1. Can you sort 485, 492 from fewest to most other Cβ atoms within 10 Å of each residue's own Cβ?
2. Quick one: which residues, 5+ away or cross-chain, put their amide H under 5 Å from the amide H of residue 939? H built at 1.01 Å from N.
3. When a footprinting reagent is the concern and you count Cβ atoms within 10 Å, what order do 539, 629, 333 take, fewest first?
4. Would you mind putting 810-819, 758-767 in packing order, based on average other-beta-carbon counts within 10 Å, highest first?
5. Using a 10 Å cut-off around each Cβ, can you sort 608, 511 from fewest to most neighbouring Cβ atoms?
6. Cα-Cα over 23 Å: which of 488/692; 692/719; 550/681?
7. Tell me which residues come under 5 Å, amide H to amide H, from residue 1057 once H is placed; ignore anything under 5 positions away on its chain.
8. Using the Cα gyration tensor of region 792-901, with a ≥ b ≥ c the square roots of its eigenvalues, what is the shape: rounded (a/c below 1.5), prolate (a/b larger than b/c) or oblate (neither)?
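Read the figures in this text as sums done on the coordinates, not as results from a lab. Just so it is clear, the model here is predicted, and its values are computed rather than measured. Positions of Cβ are backbone-derived with ideal geometry, glycine not excepted, and every protein chain shown enters the neighbour counts.
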Amino acid sequence: MMDIQEIRDGVSSLFVMLNKETFVLFRIEFLVVLLTLLFLAMFIMDIFRHLIRNTIMKTIFSILDGVSDSIVLYLLGAMQTAKFTNQLFPVWALVLVSFRYNVDFISGYGVDDRHGRRFMEWRNVVKLLGSAFLNLSRGSRFALPLWSLWAVHIVRSWYRFCEHGLALRSIWHGNSSEVVAEHMRVGRHISNWKPEDCKPENNMEGYKYLIHGETYQRIKLKKPQYVLFIDTQNYHQAEHGFSSLVTLDNIWGCRRHLLNPNNNKGNDQKDLCLAFALSRLLRCRLEDVTLEQDIFRINRKLVKTKILEEENTDRAFRVMELQLSFVNDYFNTRYPMVFWHGFPSLFLNLLLSMVTFFVVCWLAVDIRKVYMPPKNDRARVVHGFNVDMIITWVFMFFMLFKEIWEMVSYLVSDWTRLLLVCSYARWKEERTRNRCMEGTISSFFRSRITSKQWHGLIDQYVFLESYDDRPRFSNLMHKITTGMVPKKDDGVTLRSAINVPECVKPAILKKLCASLEQLSSPNIVHDQEQSHFLPKVVTSLSGDDGDRRKRYSWACYDLPTCSHVILVWHIATSLCEMKLAQDHDVDLSKHGFLRSLLSYFKSCFSSKPYLVDVDEKRKENKKVNEKLTGKLQEMYITANSLSRYCAYLLVSKPDLIPDSFYVPYMVLQETVTCARDDILKNCDSLLSRYAKLMEEAEKAIQDADSVMEKEDVVRLGAKLGKELIDQENEEECWEILSGVWADLLVHIAPTWNAQAHKECLESGGEFVTYIWALLWHCGIEKSKLWPVEDLYDIVVVRGMQNNGNTCYFNAVLQSLLALDKLRARMLGPDAPTGKLGQELQKLFKKTSNINGTGGVLMPEKLFLNICSRNSDFRPGVMEDSNNMLGSLLNGLKTEEDTMVESLFHSKVVKHVSSKECEHTSFTIEDLDLSLAIPPKKSASIEDCLDLYATGLIEDWHCIDCSAASAAGNTSLNQDTTIDGQPEQSNNKTYKNEESSHPADRQTRTTYRNNGKLPVIDGNANQMEQNHKKQKDEKKICRAAIVQYRITKAAPILTIHLKRFNYVHSDRPYELQERVNFEDTLDITKFIDPG
């Protein structure tokens, strides 16, 4: 046995050994080689980073990116503090800094640098200064090329930092959206373009969409309207058929050979320019720049003519992929910085790379000529080979490869191709054909590092396979890593992603065409409000077969949210798939351990995404009854892939579907709990789950109304699946499912949340984003398929005119206009019909997202109406906003009691218990959250609620003790008062009590004019009688504890903070305490458990 001293000596000797020169050199060599190899791999993969969707790979990239700076600084320090000399240390240091500088040469950051990553250039300069100090202190024998390389990197870092500012101020990039919006403005004073001249079928005639060249134009303000105007009048250039401004109609109308309308070989070039023009319009949406409505009308013509109706699915999706690729480049890559000024800025970047290339060659030659390790230098020699020299030569090769790779990446990018086509199209015609230019352009279009602008994958989620999953290990890692590993919910395990099936794309385009065709009907064309919404029609259920529509329409039109619709159809599709699998002899029973293990290994080496095998390569080996016919197989693949993809969106990307942010999570978790703990409990195979759901479907069909009322997703899905299986044959069933899912994806796509789609682009984007972008170009922002509560959730925020000290009224009104539930009622069929309600309804209509409504709101009529009802409010006099809210709600209640009662009125139970006589009382009152502010520096809303909910009363008037004292009785009966009505109980009597609790003293905010209390639903007579009765009695006061608990929480809670201290009633002063609040207020602990 080793004693403690021997262990201590062993550890000491280990540290001594590690500090020896040989081990120090080995450690430096190892870390330098390892880090350089990692940097090189990250550098090469940078151009493919947006295609990487694997979470583990992304995590590795993030970790390496985070720790690399620390390792580089450690190595610089280790080289500097080494007790021996090595002439190659300065070279290695500069190589490391250079590689760290170029690791994310493309994906570092975009023009919209949200995380401030551009400031990493200064961190790079700090590391360069460290390498310079190392070079100075070590006295390198090849100092001149080293200092030259160091100077080049300093210049490149400085220029890269400046590039961001230049791109941000560039008209082609940072200011593009504002320029495009002004250029596309329509009016008599504008001559940039005319919507009536736009004819997409005639070579894009009239489509003056900006592509390139406005950088070189003179941007003017045209009088007398002072609008932005691009002056394109250059008579000298026009005479020679040259135009520096390139628009979409210039490209498609160019008569030169490559772009001639009769030459189909130029389609790739035209599609690239079309995609870029559309990407500039889409950037306006993502940067919150408003476009005029005429643009969407002519966009719709363009999309229908050139994208949807040409019956070329690959070309249509290629245009959409290129469009989003340009958008992703702008927000998430350095391409806009490289091309901020077109070819000149590109050539400057290439020049810097070439200078670096030649300086590295110079350094390599110098090392070859000069370097011989002196006797006192520490170098590693193995079998006569100098390891340090081998490492250095590998580094030199990597440096040269890095510069070549970077230059090639820039040259074969879509941005270079776009500039070449624009340069070619600037000359409208040509006398002699320029074959050299055509060959150059064609070669650039053929040469590319990657042919993918998008990964082409769609994720899959199957509810009936995942609902009983419990990710215990992931959640354990989440706790161990303190949140670095994301937490997973139960039942959300995804299946492997699949490539978008070829049959899906034409199905989607067909539905898009049908939807746009419906919007082209005369009734909708003349109603601009309706043209912004997809009609409430599922085309697959609206054909000639009226019975079919009636039979299944409930599953699309009668469910409360989009999440319910997705899950019900998804469960039904899974049941139909199980039925089809059983008909084709697929075993759905639970297998034993060995067979399950064998199946797992087989699944790792084969792609079988569905229960029924649809792999064409294995068709020859299948039995006859296992084969699916061509048409049936296409419908089967379309329905299953889209069903699972929509379910994935609900589970993992809820921001991309039309429901509110928390609705998908709630619906999914309720459905998972219902399936796991109730309906499908102990069902351990797909076969048993199918049998159980068919059994539940029978019951659901017999009790359909009750199941629909309970919104039981699992039983509704089983009911729909059984109806499809029983009432349709095999082909008809899958025809309905494939059509409905294509319809649903089209209706899911339009959403207000453009930011969610923008964030998805960073990891390659989602398939639904392509549909969303296409529909946005057509001016479609919402689908009417989803409930009316969601129809008005996009509020146009408009300013209000201050008509003299009416800011308090405007503040109340702006808050009311932002309430979704109130908006739904005010714009619904049961809206108030009185004068006050009608005036408020007009304001809600004016702030709904229709027709691009803008300008200043004029709520003067509503304000005067309130003044006529309540003399406390007068024009030109400042009042209290809380009093204004109470008066407005009281006015609405007199006109329509139900709406105000259901939305605003909550109930609270007040418990008071004496600390001395053990008497208690409780009363149920209207909730009025007028909250006192705790005397602390930084309070929160929760602190205010705590102060309101529980308190101590020193002088509570105990009516029971007072009555007993007056009557001389020792036996007390207590009653309960609920809304002023006594209710007898067995032992005790509960009545309204007087208290000195702060929450009770100033329950209402006093008017500043006369100090009246605004009583809502108060019974003045009963209160007066109670006070008179209490006067006659001898008051006995006790110390008591008071608690308030909410018994009924209305959808809308109004919280009023008491900002004034009334210690001196003649001159109250305003409190200065700060009150913090979060986006979500959890009032669970304030709810009465009874």
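1. Numbers: 485 17, 492 20.
Exposure proxy ranking, most exposed first: 485, 492.
2. Hits under the 5 Å cutoff: 1074, 1076.
3. Working: 539 19, 629 11, 333 26.
Starting with the residue having the fewest Cβ neighbours, the order is 629, 539, 333.
4. Working: 810-819: 17.6, 758-767: 20.0.
So the order, starting with the most tightly packed, is 758-767, 810-819.
5. On the way: 608 12, 511 22.
Final ranking by Cβ density, sparse to dense: 608, 511.
6. Details: 488/692 28 Å; 692/719 12 Å; 550/681 33 Å.
Check vs 23 Å cut-off fails for 488/692; 550/681.
7. Amide H to amide H, under 5 Å and 5 or more residues apart or across chains, residue 1057 pairs with 931.
8. Values: a/c = 1.94, a/b = 1.16, b/c = 1.67.
Judged from the Cα gyration tensor, region 792-901 comes out oblate (a/c at least 1.5, b/c at or above a/b).
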